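What follows is one structure encoded as structure tokens, with my remarks underneath.
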Amino acid sequence: MALFDKLFNPRGSNGPESRLPAERQALVDGSSKAHDAARLLRAPTALMQLSEAEALTVVGFMRPKRFKSGTTIIRQGETADTGYMVLVLDGEITVETLIARRVNPVTVTVLGPGSLIGEMALVDGAARSASCTASTNVVCAVLTREALETLITEQPATAAKLMTAVAQRLAERLRDSGHKLQIYSQLVQTMQQEIDTLMPTPDRRQR
């Protein structure tokens, strides 16, 4: 068993939320793999608001997951299994979305190490808004809602900081989407004005 798996999932353990706090702390304190994961959790593409100690605490509540290239990690519209978010540690994930009246999905972005996916559904439990597929073999760390609830009980201050960081990330994404929508609206208006100039309506021609 690889060191990564031993760190996050010792034999006989059902998950990080089932461990004693001292056991969990001991597992991450002396592990370079845990510190690497904590560093990625604090990346600009993830939750940079967390301190090093807070990120390491959160990593102690995460479990490993490996996906082969081509595996769908998250499926758009899925509602049955939304209680987790994923931190990419190695590999690349393609994010795609289906748009009305289109058969093939549209690629939104490609994410690499230090990226988070699924944090929105972890917060609200709603249907997944996009599909995420492993475009290479992927190694990641997963925080489940059960582990988050244990984190809230044992480390309320760190849990509050985590949720604040997630909320800020979602707010930034919403603000960015609003800005893009505004640009799109201006573009449509400009194009409509050009069309009206080139192809005036009968009413305007009569004037």
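See the values below:
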| read-out | value |
| --- | --- |
| Close pairs from the range 13-42: first in contact (Cβ under 8 Å) with a residue 40 or more places away in the chain and closer than 20 Å to Asp90 by Cβ, partner in a helix (DSSP H, G or I) and of a type in the set (Val, Ile, Thr), Cβ under 9 Å, at least 6 apart | Pro16/Thr150; Ala37/Val28; Ala37/Val59; Leu41/Val58; Leu41/Val59 |
| Count of the range 122-144 residues which are part of a strand (DSSP E or B) and closer than 20 Å to Val58 by Cβ | 7 |
| Boolean, Arg66 is within 21 Å of Pro16 (Cα to Cα) and in contact with a Leu (Cβ under 8 Å, 6 or more places away or on another chain) | no |
| Residue within the range 117-135 that is under 21 Å from Leu174 (Cβ atoms), among the β-branched types (Val, Ile, Thr), out of contact with any strand residue (DSSP E or B) (no Cβ under 6 Å at 6 or more places or on another chain) and without any contact (Cβ under 8 Å) to a residue 60 or more places away in the chain present | yes |
| Checklist (1) under 24 Å from Phe61 (Cβ atoms); (2) assigned to a strand (DSSP E or B); (3) among the polar types (S, T, N, Q) applied to Thr153, failing item | (2) |
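Residues are listed down the side, and each one gets a yes or a no for (1) closer than 22 Å to Ala165 by Cβ; (2) of a type in the set (Asp, Glu); (3) in contact with a Lys or Arg (Cβ under 8 Å, 6 or more places away or on another chain):
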position	(1), (2), (3)
Gly60	yes, no, yes
Lys68	no, no, no
Asp81	no, yes, no
Met85	yes, no, no
Val88	yes, no, no
Ile93	yes, no, no
Thr107	no, no, no
Ser115	yes, no, no
Ala134	no, no, yes
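Taken together, the values in this text are just the output of simple stated rules run on the coordinates, not laboratory data. No experiment lies behind these values; they were computed from the predicted model shown. For neighbour counting, all protein chains shown are included, and Cβ atoms are generated from backbone atoms with ideal geometry for every residue, glycine included.
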